[in-house]
Structure formats: C-alpha cells, structure tokens
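K.L.:
Quick one: the structure is below, questions incoming.
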Amino acid sequence: MENRKRKISVAAAVIVAWLIVPTEAGQKIQYKLNLRKGQSYYVRVISDSNVAQEMMGQKSVVEVTAGFGYRFDVKEVDEKGNGWVDCTFDWVKFRQKAPMMEVAYDSANKVSPVPAGAQGVAVFLGAGFSAKITPQGQAQEVKATEQLRKNIEAQIPEGPERKQMLDAFEKQQLAESIKELCLSPMAVYPDKPVGIGDSWSRTVSFRTQPLIFDNKWTLKDRKAGTAIIEAATGVKSNPEALQDAAVKMKLEMSGKRLGQIEIRESTGQIMRSKITQDLSGQMQTGAATVSVKTHGVNTFEMTERKAQAAK
C-alpha cells in the first residue's frame with residue numbers, strides 16, 4: 001500500500017511539474033546569428049521574376065532568373081558577437097527571356113560560354129568580399145571587393161564612354177549593392193526575446209535600390225529546434241535612391257512581400273527562406289510613361305560546408 005502511494009505521489013509530482021514548467025511553445029527566446037570562428041557555410045540566393053510592361057497599348061513580358069552561390073567563412077568574432085566573414089562566389093546563374101531575345105547561362109556547366117547578356121553576373125565568379133555581420137544579421141561594413149571591382153571594370157570596353165561608365169559604376173556603391181544582393185536576407189533577427197505570436201519590425205532601404213521595405217516578422221511556430229517565422233513586408237518607392245542622371249528615369253512602385261523563414265535555434269542559421277513579391281506602378285522616362293507589374297520569388301539557403309554536396 002505504501003509503495004502504491006509513493007508511486008502515485010511520484011506520478012502526481014511529474015504531472016504538476018509538466019504543467020508548471022514552460023513548454024517549448026511557451027518560452028521566449030532571443031534569436032540571433034550565433035557566429036563562431038572557423039564556421040563555414042554555403043549560401044545560395046536565387047531570384048525568379050517576371051516583369052510585365054505596357055506603353056501606349058503595347059504589352060511585353062520579361063522573365064529573369066538570377067542565382068548566386070558563395071562560401072561563407074567566419075574568420076573572427078568579437079566579444080559582442082559581431083563576426084568578420086569572408087565570402088567567395090563560385091556559382092552564378094542567369095536567364096532572361098524577352099520578346100525577340102533569350103539569354104541562358106549557368107556556371108555549373110563548365111563547357112558553357114558566357115553569353116553577352118550574362119556578363120553582368122559572370123563577373124562575380126572567383127571574386128568575393130569581407131563583411132562584418134552583427135548578431136541581428138545586419139551587415140555593418142563590407143570591404144575587400146577589389147577583385148570584383150577589377151572583374152567589372154574589365155567588362156567595360158575601351159573608348160570615349162569608358163570613363164563615364166566607370167564614374168557611374170563608382171556612384172552605384174559596390175558595397176551597398178553587395179549588402180542588398182547577398183546579405184539583406186539575413187537581417188531578420190529581433191532585438192529582444194520573442195515567443196510564438198510575437199512580432200517585430202524594421203524598415204530597410206538601400207541607396208542603390210529604388211524601394212523602401214517596411215518589414216514585419218512574426219514567430220509562428222517552433223518545431224524540433226527550428227523557428228518558423230512569417231515575413232510580411234510593405235514596399236514603396238525610395239525617393240532618396242541613387243539615379244543615373246543621364247537616364248532621367250523616375251520609378252513609382254508599391255506592393256508587398258510575403259513568405260516564410262526557417263531558423264536553426266541552436267546557431268541562428270537561416271536554413272532557408274522563401275519570399276514572394278508583387279509590385280505594381282509606373283516608370284517615367286522623359287515624356288513616356290510605362291505601366292509596370294512584377295511578380296517574383298526570392299529564395300535563400302544556408303548550409304554547413306561539410307554537408308554541401310557538389311553542385
């Protein structure tokens with residue numbers, strides 16, 4: 001009888017403890033990018049989009065796919081968790097389908113020549129950069145872009161327009177372009193601990209990007225050490241964006257981005273994200289006004305190098 005009472009007491013204690021101890025779903029956690037010196041990842045970023053334009057009753061659709069793959073090696077981490085990482089591009093892909101023209105290039109196909117329309121992405125191959133990344137995933141500084149700069153300059157032909165094109169390239173601020181293209185999908189972490197249902201926001205803009213992104217993220221679920229985050233972004237035109245004075249173009253666009261991000265809770269690694277973007281508006285060039293509507297899907301994947309299969 002005494003043993004039975006003891007068993008019941010133990011069982012009751014277990015049940016009470018289970019009821020009062022927070023479960024994984026009820027806990028709040030500080031999500032951050034927990035970089036460690038010597039870590040090595042592989043990042044792949046792919047953007048698929050189509051752009052529908054209409055001017056004076058004439059319609060056209062352009063489909064574009066751009067992909068970049070690069071090694072992400074953590075070299076140093078300071079006492080605040082900021083990490084210096086070296087990134088090197090070893091894969092690019094570009095496809096453009098438009099009326100009367102089609103370009104297709106994938107650097108994984110070693111026998112494929114670089115078509116003229118894909119040279120703008122092929123210049124990244126073998127080049128790289130270094131970046132200082134905060135625990136919130138934000139790129140504070142980008143440097144060591146010399147090889148990429150040389151590759152780009154090598155594509156600009158000699159002639160009277162070369163200096164003008166080089167000056168325009170300098171104005172585009174290569175470091176800002178790299179932040180937007182390669183690192184912006186990582187800047188999603190909250191500034192404080194969050195639980196399921198909690199949201200946080202951040203507005204992001206780039207001088208090289210004619211759009212402003214009003215981001216809102218919500219922790220939707222936690223499963224087996226993985227955080228599931230819902231992304232919802234309002235998009236509007238950026239009047240402060242750099243513009244080429246020679247082109248005289250004004251872009252007015254608005255829309256939204258929706259998607260999901262999966263984060264490994266132990267390291268803060270963004271395993272994958274998929275964001276769908278829909279924008280509409282108009283583009284003015286001189287006296288002409290062009291109606292524009294775009295639909296795109298952007299994916300981001302980050303895997304440990306040791307688990308990365310050959311492409």
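K.L.:
Restricting to the range 55-88, and then to whatever is farther than 30 Å from residue 34 by Cβ and among the aliphatic types (A, V, I, L, M), can you tell me which residue is surrounded by the most Cβ atoms within 10 Å (Cβ to Cβ)?
P.N.:
Going residue by residue through the range 55-88, those that are farther than 30 Å from residue 34 by Cβ are 55-65.
Checking which are among the aliphatic types (A, V, I, L, M) leaves us with 55-56, 61-62, 64.
Values: 55: 15, 56: 7, 61: 13, 62: 15, 64: 17.
The selected residue is 64.
K.L.:
Is the range 128-149 home to any residue that is among the small types (Gly, Ala, Ser), in a loop (DSSP other than H, G, I, E, B), in contact with a Gly (Cβ under 9 Å, 6 or more places away or on another chain) and over 14 Å from residue 86 (Cα atoms)?
P.N.:
Scanning the range 128-149 turns up at least one residue that is among the small types (Gly, Ala, Ser), in a loop (DSSP other than H, G, I, E, B), in contact with a Gly (Cβ under 9 Å, 6 or more places away or on another chain) and over 14 Å from residue 86 (Cα atoms).
K.L.:
Can I ask one more? Give the residues of the range 277-288 that are exposed (fewer than 15 other Cβ atoms within 10 Å of the Cβ) and under 20 Å from the mean Cα position of the chain (by Cα), sorted by residue number.
P.N.:
If the condition is that a residue be exposed (fewer than 15 other Cβ atoms within 10 Å of the Cβ) and under 20 Å from the mean Cα position of the chain (by Cα), then 278 is the only one that fits.
K.L.:
Let me ask something additional. On the given criteria, is residue 108 assigned to a loop (DSSP other than H, G, I, E, B) and of a type in the set (Gly, Ala, Ser)?
P.N.:
Working: assigned to a loop (DSSP other than H, G, I, E, B): yes; of a type in the set (Gly, Ala, Ser): yes.
Answer is yes for this residue.
K.L.:
Those residues that are in a loop (DSSP other than H, G, I, E, B) and in contact (Cβ under 8 Å) with a residue 40 or more places away in the chain, I need them from the range 189-211; list them, please.
P.N.:
Kept after step one, since they are in a loop (DSSP other than H, G, I, E, B), are these residues of the range 189-211: 189-193, 195-198, 206-210.
Across the range 189-211, the qualifying residues are 189, 190, 191, 192, 193, 195, 196, 198, 210.
K.L.:
Which residue, of 72, 94, 129, 89, is closer than 25 Å to residue 229 by Cβ and under 24 Å from the mean Cα position of the chain (by Cα)?
P.N.:
Working: 94 fails: closer than 25 Å to residue 229 by Cβ; 129 fails: closer than 25 Å to residue 229 by Cβ; 89 fails: closer than 25 Å to residue 229 by Cβ.
Result: 72 is the single residue among 72, 94, 129, 89 that is closer than 25 Å to residue 229 by Cβ and under 24 Å from the mean Cα position of the chain (by Cα).
K.L.:
If you check residue 31 against the conditions, is it buried (at least 16 other Cβ atoms within 10 Å of the Cβ), modelled with pLDDT of 95 or more and part of a loop (DSSP other than H, G, I, E, B)? Spell out the reasoning first.
P.N.:
Values: buried (at least 16 other Cβ atoms within 10 Å of the Cβ): yes; modelled with pLDDT of 95 or more: yes; part of a loop (DSSP other than H, G, I, E, B): yes.
So residue 31 fits the description; yes.
K.L.:
Let me ask something else. Quick check on the range 111-121. Is at least one of its residues over 16 Å from the mean Cα position of the chain (by Cα), exposed (fewer than 13 other Cβ atoms within 10 Å of the Cβ) and touching a residue at least 40 places away in the same chain (Cβ under 8 Å)?
P.N.:
Looking for residues that are over 16 Å from the mean Cα position of the chain (by Cα), exposed (fewer than 13 other Cβ atoms within 10 Å of the Cβ) and touching a residue at least 40 places away in the same chain (Cβ under 8 Å), one finds none in the range 111-121, hence no.
K.L.:
Sort out which residues of the range 73-105 are over 22 Å from residue 40 (Cβ atoms), in a loop (DSSP other than H, G, I, E, B) and touching a strand residue (DSSP E or B) at 6+ places or on another chain (Cβ under 9 Å), and write them in order of number.
P.N.:
Listed by number, the list holds a single entry, 99.
K.L.:
Residues in the range 80-100: is at least one basic (Lys, Arg), farther than 30 Å from residue 60 by Cα and at pLDDT below 90? Give the steps one after another, and end with the answer.
P.N.:
Residues of the range 80-100 basic (Lys, Arg): 80, 93, 95, 97.
Of the ones still in play, those that are also farther than 30 Å from residue 60 by Cα are 80.
From the residues that got through so far, the ones that are at pLDDT below 90 too are none.
No: the range 80-100 contains no residue that is basic (Lys, Arg), farther than 30 Å from residue 60 by Cα and at pLDDT below 90.
K.L.:
Take residue 251 and decide whether it is at pLDDT below 90, under 25 Å from residue 59 (Cα atoms) and assigned to a strand (DSSP E or B).
P.N.:
On the way: at pLDDT below 90: yes; under 25 Å from residue 59 (Cα atoms): yes; assigned to a strand (DSSP E or B): yes.
Yes, satisfied.
K.L.:
Now a separate question. Please tell me if residue 59 is at pLDDT below 95, of a type in the set (Lys, Arg), in a strand (DSSP E or B) and more than 16 Å from the chain's Cα centre (by Cα). First the steps, then the outcome.
P.N.:
On the way: at pLDDT below 95: yes; of a type in the set (Lys, Arg): yes; in a strand (DSSP E or B): yes; more than 16 Å from the chain's Cα centre (by Cα): yes.
Against the criterion (at pLDDT below 95, of a type in the set (Lys, Arg), in a strand (DSSP E or B) and more than 16 Å from the chain's Cα centre (by Cα)), residue 59 qualifies.
The values are calculated or read from the model by the stated rules, or taken from the named source; none is laboratory data. On a predicted model such as this, the values are computed, not experimentally measured, just so you know. Cβ coordinates were reconstructed from backbone atoms using ideal geometry, including for glycine residues, and neighbour counts include every protein chain displayed.
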